[in-house]
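Everything on this sheet refers to the single structure shown next.
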Amino acid sequence: MTTTGSEQNKAPGSTGGQMGLNAHNNIRQPLWLLAELTYACPLQCPYCSNPMDFANIKSELTTEEWINVFKQARAMGATQLGLSGGEPLARPDIIELIQEARNLGFYTNLITSGVGLDASKAQAFKDAGLDHIQVSFQSSSEDLNNLIAGTDAFQHKIEMAKAVKAAGYPMVLCFVTHRQNIDQIDEILDLAISLDADYVELATTQYYGWAMHNRDQLLPMKEQLVRAEAIAHRYQEEQKGNMKIYYVVPDYYEERPKACMNGWGNVFLTVTPDGTALPCHAARELPGMELPNVRDLSIKEIWNDSNDFNRFRGYDWMPEPCRSCDEKEKDFGGCRCQAFMLTGDPAKTDPVCSKSPDHHLVLEAIERGREEAAKPAQEAKPLVFRNPKNSKEICGL
Amino acid sequence: MTERKFNADSTPVLALGYRFQWEPAQDCHVLLYPEGMVKLNGPAAEILKRISEKKQTVGELIAELKAAFNGADLDDDVYQFLEEAHDNDWIRAE
Ligand SMILES: C[S@@+](CC[C@H](N)C(=O)[O-])C[C@H]1O[C@@H](n2cnc3c(N)ncnc32)[C@H](O)[C@@H]1O
Ligand code: SF4
Ligand code: SF4
């Protein structure tokens, strides 16, 4: 899922205020609600952005509690709802949740691995008013896909991508790219073409959760990226008017950080399976978070008044070099979670920025990835799969 | 602008996955699409509302708008908007 909002800058008949680009509105509204319905998941992707300790999160919100969250967020102006997880299809009440959300006026997006889907469900979701489905793939080849997914899902995913289209949706595929699959970018795009996909997102792995844990094995090398980018651009040209390809450049190789969440507490609200409200889906791991829960507080109280949501809002919290930087309204100083993971302090400038005094940490991470990549297979660190057993072991639960 | 996509006999329809609705929190009509929203001004909303409500040709659409707005001369504005909306992938011509 992209978090950059609209690609259109000025459209005819628009009043200029477009979602994701209204950082300068004084009234902040949670326009985007990401509902992580469950951390249950039949796959075990080592690049998963879910928190490492997901196995510890047990008491899931009930159907009524989710509907109550939807109502409150909608009343505050939310229009986009992402139904994600874990695997959202693992929730037995998924159709009811879709229906309620749609009746409330949400634009409903289902973000799924396709496992748990079948053709009749795709049609039932359509009937319930689901607006959009995105199916994620691990790679273009059965073997690598199944290896990365930690299960045998490839053929089923192919079938489900077709079923989504047959139910009247555009076919939207998401491939999370990293060192182990980025060299197959042409095969990935050929697969998408052969499936007659409408949109393909080549999403670079963001280093949160399990992906961070596996970073040395996932971080692509510069030459891989150069090649992948050239190929992606060639396909973009060739497929113009046919299939739209989004190619997201990994921020570790950039000079400026991403405008994470379009600013902290600005337009995004994540609610995790147990009702914790977060300004971004990775923020649970930051130190000093109070982790307000929708079971105890209204969304309004959480959004407007909680320490968590106010902590990095606006520009006052910023350290140098961001504080006096003329680009701060563009990138908001980057990602707080990345700042924490790399420097130990979430209030620092995102080290991806070349102006950050910590930028060398990113360069060192790239170097470590390169060293790992050069090792013979039997000496390389193994990929750690996202599953409850590993979660408990690693987090000492 | 490139070649024209609409004439009096073409039927504009919302692009797949686009939804038109009134947004109380924004106090305006909006177009919703995957991961985004465009707030619409009055004239754009009048046109898109009719497109989303029923299938009709541009000719019929213009006639309806004229009836609603005291016979105003709005043909050029409607065509211009349709072309631009098409360039933005909001609508298709059938
Ligand atoms: C966490 S998943 C949950 C939904 C579902 N299980 C799936 O994988 O599609 C949400 C989306 O984020 C993508 N994703 C997961 N981990 C990621 C990471 N580290 N960086 C970027 N995207 C990631 C997935 O491909 C999916 O499109
Ligand atoms: S990214 Fe993979 S492991 Fe994570 S929730 Fe999605 S399918 Fe499950
Ligand atoms: S110094 Fe801060 S505000 Fe300036 S470009 Fe870097 S991250 Fe952005």
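The values are calculated or read from the model by the stated rules, or taken from the named source; none is laboratory data. Everything numeric here is computed off the predicted structure, so don't read it as measured data. Don't worry about glycine lacking a Cβ; one is built from the backbone with ideal geometry, like all the others, and counts go over all protein chains shown. These area figures cover heavy atoms from the full protein model, side chains too; ligands, DNA and RNA do not enter into them. Shrake-Rupley method; radii C 1.70, N 1.55, O 1.52, S 1.80 Å.
General observations
- Set A:81, A:97: member being away from chain B (no Cβ under 14 Å) and modelled with pLDDT of 95 or more: A:97
- Residue within region A:198-205 that is within 14 Å of chain B (Cβ to nearest Cβ), outside any helix (DSSP H, G or I), over 22 Å from residue A:373 (Cα atoms) and more than 13 Å from ligand 1 (Cβ to nearest atom) present: yes
- Residue in region A:367-383 that is nearest to ligand 3 (Cβ to nearest atom), counting only those that are open to solvent by 30 Å² or more (accessible area, probe 1.4 Å) and not charged (D, E, K, R): A:373
- Search result, residues across region A:177-197 that are among the acidic types (Asp, Glu) and in a loop (DSSP other than H, G, I, E, B): A:196
- Here residue A:318 meets the list (1) within 22 Å of the chain's Cα centre (by Cα); (2) away from ligand 1 (no atom under 16 Å from the Cβ) almost entirely, failing just condition (1).
- Hits in region A:129-152 - residues which are open to solvent by 10 Å² or more (accessible area, probe 1.4 Å) and in a helix (DSSP H, G or I): A:142, A:143, A:144, A:146, A:147
- Annotation: residue B:37 fulfils all but one of (1) within 14 Å of chain A (Cβ to nearest Cβ); (2) farther than 25 Å from residue A:241 by Cα; the unmet one is (2).
- Check on residue A:242, part of a loop (DSSP other than H, G, I, E, B), polar (S, T, N, Q) and open to solvent by 20 Å² or more (accessible area, probe 1.4 Å): yes
- Enumeration of residues in region A:170-189 that are in contact with a His (Cβ under 9 Å, 6 or more places away or on another chain) and buried (at least 23 other Cβ atoms within 10 Å of the Cβ): A:172
- Selection count where residues are under 13 Å from residue A:114 (Cβ atoms) and either open to solvent by 20 Å² or more (accessible area, probe 1.4 Å) or in contact with a Pro (Cβ under 9 Å, 6 or more places away or on another chain) (or both), scope region A:153-169: 7
- Search result, residues across region A:55-78 that are more than 22 Å from residue A:265 (Cα to Cα) and modelled with pLDDT under 95: A:55, A:56, A:57, A:58, A:59
- Residues that are basic (Lys, Arg), in a helix (DSSP H, G or I) and either away from ligand 2 (no atom under 11 Å from the Cβ) or in contact with an Asp or Glu (Cβ under 8 Å, 6 or more places away or on another chain) (or both) occur in region A:93-108; there is at least one.
- Just one of the listed residues (A:323, A:313, A:295) is open to solvent by less than 40 Å² (accessible area, probe 1.4 Å) and either free of Cβ contacts under 8 Å to residues at least 24 places away in the same chain or among the charged types (D, E, K, R) (or both), namely A:313.
- With respect to (1) open to solvent by 10 Å² or more (accessible area, probe 1.4 Å); (2) within 8 Å of chain A (Cβ to nearest Cβ); (3) over 21 Å from residue A:129 (Cβ atoms); (4) of a type in the set (A, V, I, L, M), the lone exception for residue B:63 is condition (2).
- Among residues of region A:333-357 that are more than 14 Å from residue A:252 (Cα to Cα), those with a Cβ under 6 angstrom from a residue that is charged (D, E, K, R) and crowded, with 24+ Cβ neighbours inside 10 Å, sequence gap 6+ or separate chain, pair up as A:346/A:336.
- Identity of the residue in region A:38-50, crowded, with 24+ Cβ neighbours inside 10 Å and more than 8 Å from ligand 1 (Cβ to nearest atom), that ends up nearest to residue A:87 (Cα to Cα): A:39
- Scanning region A:36-49 for residues that are in a loop (DSSP other than H, G, I, E, B) and touching a Ser or Thr at 6+ places or on another chain (Cβ under 9 Å), we see that the one that is farthest from ligand 3 (Cβ to nearest atom) is A:42.
- Restricted to helices (runs of 4 or more DSSP H) entirely inside region A:269-370, those with at least 3 residues that are more than 19 Å from residue A:258 (Cβ to Cβ) are A:299-305, A:307-311.
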